[in-house]
Every structure is written in structure tokens, then in C-alpha cells.
Amino acid sequence: MPVKHVNNVPVWQRREPLKQYAIWAGWMLGGMLFLLCWKVISDNTIWEFMYDAGTQAGSLIGRMIPPDWSITGSLMVPLWDTINIATVGTALGILIAFPLSFLAARNTTPHPALRAVALAIIVSSRSINALIWAMLLVTIVGPGIFAGMLAIALRSIGFVGKLLYEAIEEIHPTPVEALSSTGAARTQVLAYAVWPQIMPAFAGISVYRWDINIREATTLGLVGAGGIGLQMNAAINNLAWAQVATVFVLIFATVIVSEWVSAKVRHAVI
């Protein structure tokens, strides 16, 4: 029930009948949607496979232990390629997303039409997963780390652009108004009134996206976009589970290190 404050005292009020019926209808529709989704999932699930899932998982883990450490040396180059895919792809995505965010923000865009175009690019980038981008780019530019870098970049544009243009729209308007009143040019206002306010957010968003891209880059090799995912896919296809375990350990260690690096950088900048 809604609460109304009278003389700083909370007073419960009964909802209007139409509003109450609308809330009940919303809950009923939500329940019906949940049941429909459950039915679709249930009809497309072979439940017989679930009966011995625990046994199969135990057997698989048993074949992965101990990991095959003899292949560790051969995985260093693909692991380095994965880090490069994430780093270069993030940098390229930030380079494109930075001007787009200023075009997409209401308080910095020079024209509504440009804002609409920038928002369309940002939404398009965010709508497609990096793995799907990689599948498309492998077909267009061929397999390898170049396709992986482009996939990471195209995915990063939407993430960085959205968070950054929202940060721009939330800046305090006083410095902008003060500088504009002196006759400063648009570029000067952006450089001395807008940029100082969004710089911490920009640094945090960039590092956070790089951290995410480290994880995403490890899977791009599954579709031929380079990196350690290629070795993981080959090991899975050959049923070499001990080698798969080694790849998992290296990926896990890389993610832990990237978490530590990103946390240190964010703490230093922000």
C-alpha cells in the first residue's frame, strides 16, 4: 500500500481500485509468462540425460585430473595472443566510443540527428555478443587474431559509449555555463569544463571493459578468432581432458591477474 507523509508521520493509504487491479494483472501476466517459459524449456529438454548427470560430471572431472602440465610452454604464445586481442581490441573500441559518447549525450551533441546516429551505433554494438561478432568477422576477414581484435572492439564500443555518454549527461552544469559565458569555444568547454568531470569515470569504464574483454577473448578461439580458445577447442575435440584442464587453469590465472591489475589501476586513478 502507498504511504503518504502528513506532518512527517507516515499514513497508509488504500490504492485506487483501477491501480490495484492493474498491479494484480501485472503479477498474473508475469506468472503466466514464467509458466510459459518453463513449459518451452521443459519441452525442449531431454530429462533422461539429467538422471546420470552427476555420474558423468564426476567421470569427466576424473579424466581432467591431474592436468597435463607438459603442454604449458606451448600455450604461452596463444595466451599472449589472447591478452593482445583484449588489449588492442579494448583500445580500438575506446578510440571509437569516445567521440560517439559526446555525440550521444544530450548536453554535448551538436545536433539531434547526430545524436540519433551515435545512439544507433552504440545500441547496435551492445546488441551483438562478442562471440557472434567474431563468427561474422572470421567469415569476412578470415580466421586469426585480427578478427578477434575487431570483435572485441565492436563489442566494446557500445559498452564504453553508453556508460560514458551517461556520465557526460550527469556532469554539473555550472562549470560549463561559467566557461560558456566567457565566450569560450565549444572545444574549450569540452576540454576544461566537461573532460575534468568525466575523466575518473572514463578511466574506470576503460579498465573495467578491458577486464571483461580478457574473459571474452579466451572464448573467441572457439570460432577461429585466435587466442588460447583455439587450443582449448582442439583439446576438447580430441577428448584430451587433461590438456583442457591445463588450459582452464591458465585462463583462470590470467583472469585473476587481470582482476588485480584493473583493481590497482582503478584505485590509482579514481
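The values are calculated or read from the model by the stated rules, or taken from the named source; none is laboratory data. None of the values given here were measured: they were computed from a predicted structure. Neighbour counts run over all protein chains shown; Cβ positions are idealised from the backbone, glycine included. For accessibility, only protein heavy atoms count, side chains too; no ligands or nucleic acids. Shrake-Rupley method; radii C 1.70, N 1.55, O 1.52, S 1.80 Å.
Separation of the range 220-242 and the range 58-137, taken as the distance between their Cα centroids, equals 19 angstrom. Classified by the C-alpha gyration tensor, the chain has an oblate form. Its axis ratio a/c, with a ≥ b ≥ c, is 1.5 or above, and a/b does not exceed b/c. You can think of it this way: the chain between Asn237 and Met76 has 55.9 nm of extra reach, that is 0.36 nm per residue less the Cα-Cα gap. Full extension of the segment from Val257 to Ser127, taken as 0.36 nm per residue of separation minus the current Cα-Cα distance, would add 43.9 nm. Per residue of the chain, the DSSP helices (runs of n ≥ 4 H) give a summed -39500 (n - 2.57) that works out to -24500 deg cm²/dmol at 222 nm. Split the accessible area of the chain by element, probe 1.4 Å, and carbon with sulfur accounts for 70%.
Here r is the Cβ-Cβ distance between Thr139 and Ile41 and R0 is 30 Å; the resulting FRET efficiency, rounded to 0.05, is 0.45. When the chain is treated as a GNM with alpha-carbon contacts under 10 Å, the residue of Leu179, Leu131, Leu154 showing the greatest mean-square fluctuation is Leu179.
Stretched out straight at 0.36 nm per residue, the stretch from Ser59 to Tyr192 would grow longer than its current Cα-Cα span by 41.7 nm. Projected label points at Ala120 and Met32, each 7 Å from Cα along the beta carbon direction, are separated by 3.6 nanometres.
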